[in-house]
Amino acid sequence: MKRLTQFFIWSVLFLLLGSRSSQATINYVDVPDQTISAGQFVNFDLDNDSSNDIAFTIGFSGTGNYGSFFKPTLFPGTATLSTKSLSFSTTIVEQLAAGEIIDATGVYTSGNSFSCVTCIKFHSEWPSSATDVYVGFKFSWLSAPGVEYYGWVRLDVNMVGISVNTVTVKDFGWNDVAGSGIVAGDIGNVLVSNINVYGQGNATTISTLGGSLQMFADILPTNATNPAVNWSVDNGAIASINSSGLLTAQTNGTVTVIATSADASGVSGTEVITITNQFVAVSGITVQGQGGVSNVTSGSNLQMEATVTPGTATNPTVSWTVSSLTGTASIDPSTGILTGTLPGTVEVTATATDGSLVFGSTIITVDAVLVTSISVQGQGGQTNVSAGSTLQMEATVLPANATDPSVTWSVVNQTGSATVDPNTGILTAGSPGTVQVVATANDGSGITGSTIITIDAVLVTSISVQGQGGQTNVSAGSTLQMEATVLPANATDPSVT
């Protein structure tokens with residue numbers, strides 16, 4: 001064999017780069033395709049110890065070039081493996097298809113770089129070029145020569161006539177359980193290492209009402225055993241996503257879309273999507289009187305206030321209603337101005353007008369307008385009444401809009417006497433002198449008003465005198481009873497002298 005004029009060395013970190021799950025036994029690496037031609041070779045370091053463990057070469061032969069798979073001997077490093085190829089015959093490497101078994105039942109022969117001890121060459125096993133075919137091999141660590149491991153390598157073999165023109169090494173796999181076979185092409189469980197999430201057309205927004213955006217996930221490595229992902233979002237109130245990655249807007253805001261690997265790697269990728277122009281329904285309403293006031297005086301107004309959540313609600317307007325409990329009131333349905341009428345309590349309700357049917361309410365107390373003052377006088381301003389006569393008393397109540405302006409009448413005798421009807425205020429004079437007439441508010445305010453009324457005596461206006469029985473004569477030494485008729489008949493003192 002001629003002295004090699006070219007060589008390429010490529011150390012493959014088989015043990016470090018091989019992907020496996022907790023139950024996998026397959027070490028696999030998808031190497032960049034490495035093509036060699038006559039006189040070239042490529043080396044592989046299976047255990048990353050800076051020692052070349054396996055070599056491929058295309059050697060020269062008088063009957064055509066051949067491909068050989070062997071333990072390197074001419075290059076730096078001390079080989080730690082004893083490597084043998086699965087043989088079809090004594091000198092021919094067996095060509096395998098994906099799925100064929102490589103195990104202890106096969107015949108394995110060591111190759112070398114100087115002659116076709118066992119090689120790939122023109123033969124019934126290698127009649128022409130072949131793409132994506134497999135070669136089996138077994139090896140043992142020199143430190144444990146009796147412990148054997150089985151593996152495969154995937155190749156493209158280009159034949160020109162009866163010569164091997166080029167060999168392209170594509171990838172490897174081997175079973176790290178001693179003595180266990182391997183299926184050609186078995187890559188074990190290659191876990192996902194990275195996920196890149198993006199929206200269709202690299203979109204990062206949804207701006208149409210109820211719009212959707214198809215999300216995608218690019219998986220690395222591309223040969224991951226299970227490239228499926230599970231889709232989720234960090235806030236389902238903002239947007240929802242289905243199992244196919246279709247994101248549908250719910251309300252305005254930002255949402256993080258998450259694609260999580262379905263394998264055991266736990267790897268995930270994210271993308272933030274902004275949602276705009278969505279209908280935001282009212283979710284809550286808090287009602288109170290302006291400034292937190294919870295009372296309104298009968299006949300007065302109170303501006304009601306409604307706080308709508310969320311603050312971004314598309315239509316935050318409300319409609320106002322009021323319900324009577326122990327009191328009554330009216331309210332403007334648009335402005336929320338409440339007018340108290342009868343004292344007691346009412347329930348004020350604000351209902352969203354956006355169709356959400358959300359409402360809020362509060363209890364408002366309608367307070368009575370209490371009497372603050374009472375002025376008392378006799379009808380027409382009279383301050384005197386004749387004994388035995390009556391006088392209508394009058395009470396002027398302030399404020400004029402007092403809820404209950406009624407009063408109860410009473411009289412306090414001073415130097416005179418009188419009685420008064422407690423309801424009508426009609427004063428009946430008794431004995432001459434003065435009395436105090438009192439009006440007391442019936443609304444519980446405790447307000448009173450009073451005035452002094454003088455009861456005048458009824459004076460004699462005329463006296464008619466005659467002898468008893470109308471006699472006008474009496475005999476000397478006799479007596480005659482005189483009679484006096486006093487007018488008016490109700491004179492306070494009808495006596496005469």
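Test VAL371 against the stated conditions and say whether it is modelled with pLDDT of 95 or more, farther than 30 Å from THR317 by Cβ, hydrophobic (A, V, I, L, M, F, W, C) and within 55 Å of the chain's Cα centre (by Cα).
On the way: modelled with pLDDT of 95 or more: yes; farther than 30 Å from THR317 by Cβ: yes; hydrophobic (A, V, I, L, M, F, W, C): yes; within 55 Å of the chain's Cα centre (by Cα): yes.
For VAL371, the condition - modelled with pLDDT of 95 or more, farther than 30 Å from THR317 by Cβ, hydrophobic (A, V, I, L, M, F, W, C) and within 55 Å of the chain's Cα centre (by Cα) - is met.
Looking at ALA184, ALA178 in this structure, which one is free of Cβ contacts under 8 Å to residues at least 60 places away in the same chain, small (Gly, Ala, Ser) and within 21 Å of GLY136 (Cβ to Cβ)?
The unique qualifying residue is ALA178.
Please specify each residue of region 304-334 satisfying the condition of being more than 19 Å from the chain's Cα centre (by Cα), among the hydroxyl-bearing types (Ser, Thr, Tyr) and not in a strand (DSSP E or B).
Answer for region 304-334, where residues must be more than 19 Å from the chain's Cα centre (by Cα), among the hydroxyl-bearing types (Ser, Thr, Tyr) and not in a strand (DSSP E or B): THR317, THR326, THR328, SER334.
Considering each residue of region 133-169, count those that are out of contact with any Leu (no Cβ under 8 Å at 6 or more places or on another chain) and within 15 Å of ALA184 (Cα to Cα), and give that number. Quick ask: steps written out before the conclusion?
Within region 133-169, the subset out of contact with any Leu (no Cβ under 8 Å at 6 or more places or on another chain) is 143-151, 153-166.
Next, from what is left, pick out any that are within 15 Å of ALA184 (Cα to Cα): 149-151, 153-156.
Residues flagged as out of contact with any Leu (no Cβ under 8 Å at 6 or more places or on another chain) and within 15 Å of ALA184 (Cα to Cα) within region 133-169 amount to 7.
Could you tell me how many of the residues in region 301-332 are under 30 Å from ASN277 (Cβ atoms), open to solvent by less than 40 Å² (accessible area, probe 1.4 Å) and among the β-branched types (Val, Ile, Thr)?
Count: 2.
Looking only at residues in region 144-174 that are on the phi < 0 side of the Ramachandran plot and not in a strand (DSSP E or B), which one is surrounded by the most Cβ atoms within 10 Å (Cβ to Cβ)?
For region 144-174, the residue satisfying everything is GLU148.
On the given criteria, is ASN442 polar (S, T, N, Q) and within 30 Å of THR341 (Cβ to Cβ)?
Yes, satisfied.
Taking region 230-248 as the search range and keeping residues that are more than 17 Å from ILE195 (Cα to Cα), over 12 Å from the mean Cα position of the chain (by Cα) and free of Cβ contacts under 8 Å to residues at least 24 places away in the same chain, which one is least open to solvent (accessible area, probe 1.4 Å)?
Restricting to residues being more than 17 Å from ILE195 (Cα to Cα), over 12 Å from the mean Cα position of the chain (by Cα) and free of Cβ contacts under 8 Å to residues at least 24 places away in the same chain, the top hit is SER240.
If you take the residues of region 275-300 that are in a strand (DSSP E or B) and crowded, with 16+ Cβ neighbours inside 10 Å, which of them is nearest to the chain's Cα centre (by Cα)?
First pass over region 275-300, keeping only residues in a strand (DSSP E or B): 275, 284-289, 295-297.
Filter once more, keeping what is crowded, with 16+ Cβ neighbours inside 10 Å: 275, 285, 287-289, 296-297.
Details: ILE275: 15, ILE285: 16, VAL287: 22, GLN288: 25, GLY289: 28, VAL296: 37, THR297: 41 Å.
It comes out as ILE275.
Provide a single number: the residues in region 258-274 that are open to solvent by 50 Å² or more (accessible area, probe 1.4 Å), in a loop (DSSP other than H, G, I, E, B) and not hydrophobic (A, V, I, L, M, F, W, C).
Selection size over region 258-274: 1.
Among residues belonging to region 379-399 that are outside any strand (DSSP E or B) and among the hydroxyl-bearing types (Ser, Thr, Tyr), point out the one that is least open to solvent (accessible area, probe 1.4 Å).
From region 379-399, those outside any strand (DSSP E or B) are 379-383, 387-389, 399; that's our starting set.
Okay, now just the ones that are also among the hydroxyl-bearing types (Ser, Thr, Tyr), so 383, 389.
On the way: THR383: 69, SER389: 47 Å².
Step by step, filter region 379-399, then rank; the result is SER389.
So, in region 175-197, how many residues would count as being part of a loop (DSSP other than H, G, I, E, B) and either farther than 29 Å from SER261 by Cα or of a type outside the set (A, V, I, L, M) (or both)?
We begin by selecting, within region 175-197, every residue part of a loop (DSSP other than H, G, I, E, B); these are 176-181, 184-193.
Next, only the ones that are either farther than 29 Å from SER261 by Cα or of a type outside the set (A, V, I, L, M) (or both) stay: 176, 178-181, 185-186, 188-189, 193.
Counting residues in region 175-197 that are part of a loop (DSSP other than H, G, I, E, B) and either farther than 29 Å from SER261 by Cα or of a type outside the set (A, V, I, L, M) (or both) gives 10.
SER361 is checked against (1) of a type outside the set (A, V, I, L, M, F, W, C); (2) open to solvent by 30 Å² or more (accessible area, probe 1.4 Å); (3) part of a loop (DSSP other than H, G, I, E, B) and fails just one. What number does that condition carry?
Here SER361 meets the rest and fails (3).
Restricting to region 244-302, give me the number of residues that are farther than 30 Å from THR335 by Cα, of a type in the set (Gly, Ala, Ser) and at pLDDT 95 or above.
Qualifying residue count, region 244-302: 7.
Restricted to region 333-347, and to residues that are aliphatic (A, V, I, L, M) and either more than 18 Å from VAL318 (Cα to Cα) or in contact with a Gly (Cβ under 6 Å, 6 or more places away or on another chain) (or both), which residue is most open to solvent (accessible area, probe 1.4 Å)?
To start, the set of residues in region 333-347 that are aliphatic (A, V, I, L, M) comprises 337-338, 342, 346.
Those left that are additionally either more than 18 Å from VAL318 (Cα to Cα) or in contact with a Gly (Cβ under 6 Å, 6 or more places away or on another chain) (or both): 342, 346.
Numbers: LEU342: 105, VAL346: 0 Å².
Checking each candidate, the answer is LEU342.
The values are calculated or read from the model by the stated rules, or taken from the named source; none is laboratory data. Quick caveat, the model's predicted, so the values are computed rather than measured. Note that we place each Cβ from the backbone using ideal geometry, even for glycine, and neighbour counts take in every protein chain shown. Each accessible area value is taken on the protein alone, full model and side chains, heavy atoms only, with ligands, DNA and RNA left out. Shrake-Rupley method; radii C 1.70, N 1.55, O 1.52, S 1.80 Å.
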